[in-house]
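Here's the structure we're looking at; comments come further down.
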Amino acid sequence: MIIAIIIGCEVGFWVLIVLGLVARYVLGLKKTGLTLLAMTPIVDIILLVTAAMDLISGATATIFHGIAAIYLGFSVAYGHKMITRADLHFAHRFAKGSAPIKLYGPRYAVECWKDVARTGLAVTVALGTIWLLTLVVDSSDRTSALNELNSIFLLVFCLEVVWALGYTLWPKKLPTSTRLVNVDVETTPAQQTKP
């Protein structure tokens, strides 16, 4: 049952985002769109309460209860970033907004380190949720599967740090085609002003 709730919450999260953005940019209903986007944390609450109720009612924790904790942590840490990115793309596509900017060089590295902080927050929320679930259930036999996720959390966080460190030492370069376009754009006005 818990896996169906996780899938339902994931689908519900994206449905609320898409409906909110469609209402905001396609239909011009800005308040309705904002309300729908603001409802996304309700999905997290539903997931947390369902996982807790399942365990309290006597279920033995499985990897899926752990996935619920991971989903909650990811949603708290990365939800705002995902909604903001989706909002930028919708604004560009449907409301003549600016095109989303692709980051390169040091700016990309800084964003990678921000993701390290976000991943740290996601891991902290997930571990806190697991701790809370084990505290509420109060049976180490029924919640031992949740503790097996600690090594996965550590691995994910370490990979995020390595990723950020890699792009700090070897910055992401601007694609060659983009560099040529930028050079052409910058030199054209100067060429026009020459006698």
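Some observations on this one:
- Residues Ala38 and Ser140, FRET efficiency given R0 of 35 Å [Cβ-Cβ distance, rounded to 0.05]: 0.35
- Value of [θ]222 nm, deg cm²/dmol, for the chain, DSSP H segments ≥ 4, -39500 (n - 2.57) each, nearest 500: -27500 deg cm²/dmol
- Within the chain, the proportion of Cα pairs with more than 21 Å between them is 65 percent.
- Cα centroid separation, region 92-168 to region 54-71: 20 Å.
- Span-rule helices in the chain, defined as complete DSSP H runs reaching 18 Å or more along the axis (Cα) with Kyte mean at least 0.5: 2-21, 40-56, 63-94, 105-137, 150-169
- In range of the label at Thr168: residues from region 92-117 whose backbone nitrogen is under 14 Å from the point 7 Å along Cα→Cβ: 106-117
- Length released on extending from Met1 to Leu103, taking residue separation times 0.36 nm less the Cα-Cα span: 32.6 nm
- Annotation: peptides 90-101, 128-139, ranked by per-residue average of other Cβ atoms within 10 Å with the highest first, follow the order 128-139, 90-101.
- Reach of Lys173 by Cα under 21 Å, taken over lysines that are not fewer than 8 positions away in the same chain: Lys102, Lys114
Taken together, the values in this text are just the output of simple stated rules run on the coordinates, not laboratory data. All values derive from a computational prediction rather than experimental measurement. Glycine gets a Cβ as well: all are built from the backbone with ideal geometry, and neighbour counts include every protein chain shown.
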